[in-house]
Amino acid sequence: MLGIVAATAGALTGGFLSDKLRRRRLFAFLGGLLFLAGGITEAYAHSFITLLVGALIMQCAIALFSAVDQAIIFAVLPDRAQAGRYLAVVGFAQRIPSAIAPLLAPFIIVLGAAGPRRTTPPSTSPAPRWLSWEASSSS
């Protein structure tokens with residue numbers, strides 16, 4: 001629910017201000033910077049509240065960028081009579097990475113998980129016995 005509120009605020013604010021100031025590229029750039037700030041906030045979050053704040057910042061940034069991005073796309077259409085065709089190409093360009101990413105994610109995760117194994121004996125591990133690598137392999 002909070003994400004919807006943040007996205008609505010970002011889209012309405014970004015769309016209104018970009019039309020009023022006639023500065024679309026500036027707001028697209030600000031959306032990117034705001035997304036970066038939300039990502040950094042999430043990356044260094046040590047509590048659920050901080051993680052939630054980062055997610056809300058990112059939702060606002062995505063909505064801000066998307067509203068301005070659509071306005072930029074409509075402004076640069078070469079032929080208004082074939083707007084549907086051009087918008088279909090833009091739609092495919094935006095959706096294809098969303099379809100490919102889940103197919104590539106397992107390979108990226110495996111690359112990150114291929115680091116050195118934990119060698120701490122289960123008796124000195126701060127985690128419960130059932131969480132340690134060695135305890136599960138010695139059972």
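The values are calculated or read from the model by the stated rules, or taken from the named source; none is laboratory data. Here the structure is a predicted model, which is why all the values come from computation and not from measurement. All Cβ positions, glycine included, derive from the backbone under ideal geometry; neighbour counts span all protein chains shown.
In table form, for the structure just shown:
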quantity	calculated
Flag if A28 is more than 18 Å from M1 (Cβ to Cβ) and out of contact with any Gly (no Cβ under 8 Å at 6 or more places or on another chain)	yes
In the stretch 23-78, residue farthest from Q94 (Cα to Cα) [restricted to those that are aliphatic (A, V, I, L, M) and not in a helix (DSSP H, G or I)]	A45
Condition met for L64 (within 16 Å of L2 (Cα to Cα) and either buried (at least 18 other Cβ atoms within 10 Å of the Cβ) or in contact with a His (Cβ under 7 Å, 6 or more places away or on another chain) (or both))	yes
Unmet criterion (only one of (1) at pLDDT 85 or above; (2) closer than 19 Å to G32 by Cβ) for L51	(2)
A83 being within 21 Å of L12 (Cα to Cα) and either touching a strand residue (DSSP E or B) at 6+ places or on another chain (Cβ under 7 Å) or part of a helix (DSSP H, G or I) (or both)	no
Per-region count, the stretch 38-61, residues in contact (Cβ under 8 Å) with a residue 24 or more places away in the chain and loosely packed, with under 14 Cβ neighbours inside 10 Å	0
Any hit, the stretch 66-83, residues being free of Cβ contacts under 8 Å to residues at least 24 places away in the same chain and hydroxyl-bearing (S, T, Y)	no
